[in-house]
Amino acid sequence: MDVRIEKGWKEALSEEFVQPYFKTLTETVRNEYSNPAIKVFPPASKIFAAFDLCPFDKVKVVIIGQDPYHGAGLANGLAFSVNPGIVMPPSLRNIFKEVSSDTGAPFPQTGDLSRWAEQGVLLLNSSLTVREHLPKSHSGLGWENFTNAAVKAVNDCKENVVFFLWGSDAIRRGAGIDRTRHLVLQSVHPSPLSASRGFFGNHQFTTANKYLTSHGKTAIIW
């Protein structure tokens, strides 16, 4: 199957593309997008945006999200990110509040995180598609198999990567990460429902940069 995805990821995940689950997943997702009675996000051209904007050989940081945003015009294929001009969702605002508090960076004018991706931050949702207004509607289709394989590829093939695991779902998905070769930073989810119980004040962004520079990598401009 010819999947349009960044060439490094295409090689790293080549075994996934020939699995029966991936064929079924692809057929199901195509049918969903072609059904005029429903809306699916992100735009089809952005499904693999997290991989395309952060090539496999450039990955320094992995942030694991859940679903794409399920409201119209929000999802752009990067976990937690929204397009320029879109009002920032509450979780993203809390992320930026912590970045500002931790690093001293000014609060950004846009919620578009492509600038993070281009620096080597893989912004990976567990499911890469979702129906409008139906969170987790594409959970169980097979995306989790695929994104778990992406996390495993980074864990197995790269050294000294920082993994941010926010919330119980992300923590479970990161259980197999080798803590002797990578840095794992975990906390509650930045959602307003939980952020005050342990997301704020952890200094995760400066901790990540100190780890990266100590291993000869360039710090992320958060």
I'd like the full set of residues that are among the aliphatic types (A, V, I, L, M), within 14 Å of Phe41 (Cα to Cα) and within 13 Å of the chain's Cα centre (by Cα), limited to the range 118-172.
Leu128
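Yes/no per residue for (1) surrounded by fewer than 13 Cβ atoms within 10 Å (Cβ to Cβ); (2) at pLDDT below 95:
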{"position": "Asn125", "(1), (2)": "no, no"}
{"position": "Leu128", "(1), (2)": "no, no"}
{"position": "Gly142", "(1), (2)": "no, no"}
{"position": "Val151", "(1), (2)": "no, no"}
{"position": "Glu159", "(1), (2)": "yes, no"}
{"position": "Arg172", "(1), (2)": "yes, yes"}
{"position": "Ile177", "(1), (2)": "no, no"}
{"position": "His182", "(1), (2)": "no, no"}
Those residues of the range 184-222 which are among the basic types (Lys, Arg) and either closer than 19 Å to Ser100 by Cβ or under 19 Å from the mean Cα position of the chain (by Cα) (or both), in sequence order
Lys210
For the structure I just gave you, tell me whether Ala50 is closer than 23 Å to Gly174 by Cβ, part of a loop (DSSP other than H, G, I, E, B), in contact with a helix residue (DSSP H, G or I) (Cβ under 9 Å, 6 or more places away or on another chain) and touching a residue at least 40 places away in the same chain (Cβ under 8 Å).
no
Any residue in the range 56-75 that is open to solvent by less than 40 Å² (accessible area, probe 1.4 Å), charged (D, E, K, R) and at negative phi?
yes
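Going through the range 203-216 one residue at a time, which ones are over 16 Å from Phe80 (Cα atoms) and crowded, with 17+ Cβ neighbours inside 10 Å?
Selection gives Gln204, Ala208, Asn209, Tyr211, Leu212.
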I need the full set of residues from the range 3-38 which are over 16 Å from Ala49 (Cα atoms), among the aliphatic types (A, V, I, L, M) and part of a loop (DSSP other than H, G, I, E, B), in order please.
Val18, Ala37, Ile38
Looking at the range 8-37 only, could you name the residues that are open to solvent by 60 Å² or more (accessible area, probe 1.4 Å) and either of a type in the set (Asp, Glu) or under 18 Å from Ala150 (Cα atoms) (or both)?
Lys10, Glu11, Glu15, Val18, Gln19, Pro20, Lys23, Glu27
Total residues in the range 184-200, condition open to solvent by less than 50 Å² (accessible area, probe 1.4 Å), out of contact with any Phe, Trp or Tyr (no Cβ under 6 Å at 6 or more places or on another chain) and farther than 16 Å from Asn125 by Cα:
4
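Residue by residue, here is whether (1) in contact (Cβ under 8 Å) with a residue 24 or more places away in the chain; (2) on the phi < 0 side of the Ramachandran plot; (3) touching a helix residue (DSSP H, G or I) at 6+ places or on another chain (Cβ under 7 Å); (4) not β-branched (Val, Ile, Thr) holds:
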| position | (1), (2), (3), (4) |
| --- | --- |
| Glu6 | yes, yes, yes, yes |
| Gln19 | yes, yes, no, yes |
| Thr24 | yes, yes, no, no |
| Glu27 | no, yes, no, yes |
| Asn31 | no, yes, no, yes |
Among all residue pairs at least 6 apart or on different chains, which show Cβ distances below 9 Å where the first residue, located in the range 82-108, is within 19 Å of His189 (Cβ to Cβ) and open to solvent by 30 Å² or more (accessible area, probe 1.4 Å) and the second is among the polar types (S, T, N, Q) and part of a loop (DSSP other than H, G, I, E, B)?
Pro90/Ser191
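The values are calculated or read from the model by the stated rules, or taken from the named source; none is laboratory data. Quantities reported herein were computed from a predicted structural model and do not represent experimental measurements. Every residue, glycine as well, gets a Cβ built from its backbone with ideal geometry; the counts of neighbours run over all protein chains shown. Heavy atoms of the whole protein, side chains included, go into the accessibility calculation; ligands, DNA and RNA do not. Shrake-Rupley method; radii C 1.70, N 1.55, O 1.52, S 1.80 Å.
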